[in-house]
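Peer 1: So that we are looking at the same thing, I have put the structure below in structure tokens.
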Amino acid sequence: MKFKDALSSQEKQLFKDAIGKVKPIVQDTVLASKKITKKKVLLGKDKAAKQNASFYFSDEFEPNLNQQGPVKYVREGTDSFLAKRLRRGEYAPDLILDLHGLDQQQAKLELAALLFACQKEHAHCICIIHGLGSRILKNKVPHWLVQHPDIMAFHQAPLEWGGNGAILALVELKDKFASNNF
């Protein structure tokens, strides 16, 4: 059954009376101009922020970290109890980064991207799995973390999060809506 045949002639006339005069639309061809969308602008800003974040890390800087026992650090002006709470496993990581198979430069870029993502995702606690291997990343990751201004504290991870092959770190969130429940 076709749609034209579905209506009687009275129904068609009733519809025409209800609508009134109708003027056909004239289609103009308009060429749309290319606009830079907000998404592209934001992607450009994100890329620039990631690149800037990687400049916090210097391979030349040697912080005075505890050489004996587990690796730990608490930023000056921060509660020293944070490292102890990290060691006890009181914090569960919001984001986890696995650096297995990466060289130093790749690991540094991934770490910068992780710290950038922490601000974006409001992740307060992170776990960085560097592994043991030849101990290159095991030694470098703490040195890089000490240099970043958003890192409040870190400690060697408890066994459930990687033990000797990982670090748990607390990140200071810069967003004014972030919770400060620590």
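The values are calculated or read from the model by the stated rules, or taken from the named source; none is laboratory data. Small disclaimer: the values here were computed from a predicted structure and weren't measured. Methodologically, a virtual Cβ is constructed for each residue, glycine included, from the backbone with ideal geometry; neighbour enumeration extends over all protein chains shown. Ligands, DNA and RNA are excluded from the accessible area calculation, which covers all protein heavy atoms including side chains. Shrake-Rupley method; radii C 1.70, N 1.55, O 1.52, S 1.80 Å.
Peer 1: Can you confirm whether Leu137 is touching a Leu at 6+ places or on another chain (Cβ under 7 Å) and aliphatic (A, V, I, L, M)?
Peer 2: yes
Peer 1: Another one. Would you mind finding the one in Leu145, Leu97, Leu109 that is assigned to a helix (DSSP H, G or I) and closer than 16 Å to Val171 by Cα?
Peer 2: Leu145
Peer 1: Within segment 121-138, identify whether any single residue is assigned to a helix (DSSP H, G or I), closer than 17 Å to Leu65 by Cα, β-branched (Val, Ile, Thr) and in contact with a strand residue (DSSP E or B) (Cβ under 8 Å, 6 or more places away or on another chain), and answer yes or no.
Peer 2: No, segment 121-138 has no match at all.
Peer 1: Criterion first (over 18 Å from Leu65 (Cβ atoms) and either in a helix (DSSP H, G or I) or open to solvent by less than 10 Å² (accessible area, probe 1.4 Å) (or both)) does Glu90 satisfy it?
Peer 2: Considered against the rule, which asks whether it is over 18 Å from Leu65 (Cβ atoms) and either in a helix (DSSP H, G or I) or open to solvent by less than 10 Å² (accessible area, probe 1.4 Å) (or both), Glu90 comes out as no.
Peer 1: If only one of Leu109, Leu159, Leu170 is in contact (Cβ under 8 Å) with a residue 40 or more places away in the chain and more than 27 Å from Gly77 (Cβ to Cβ), which one is it?
Peer 2: Leu109
Peer 1: Here are Leu99, Leu137, Leu95: which of them is at pLDDT 90 or above, of a type in the set (A, V, I, L, M) and over 26 Å from Glu62 (Cβ atoms)?
Peer 2: Leu95
Peer 1: Here's a follow-up. Let me confirm something: among Leu14, Leu42, which residue is in a helix (DSSP H, G or I), at pLDDT below 70 and among the aliphatic types (A, V, I, L, M)?
Peer 2: Every option except Leu42 fails the conditions.
Peer 1: Let me ask something else about it. Name, by its number, the condition in (1) modelled with pLDDT of 90 or more; (2) at positive phi that does not hold for Gln156.
Peer 2: Just one mismatch for Gln156, condition (2).
Peer 1: Which numbered condition in (1) under 21 Å from the mean Cα position of the chain (by Cα); (2) surrounded by 14 or more Cβ atoms within 10 Å (Cβ to Cβ); (3) modelled with pLDDT of 90 or more is the only one that Leu109 fails?
Peer 2: Checking Leu109 against (1) under 21 Å from the mean Cα position of the chain (by Cα); (2) surrounded by 14 or more Cβ atoms within 10 Å (Cβ to Cβ); (3) modelled with pLDDT of 90 or more, the one that fails is (3).
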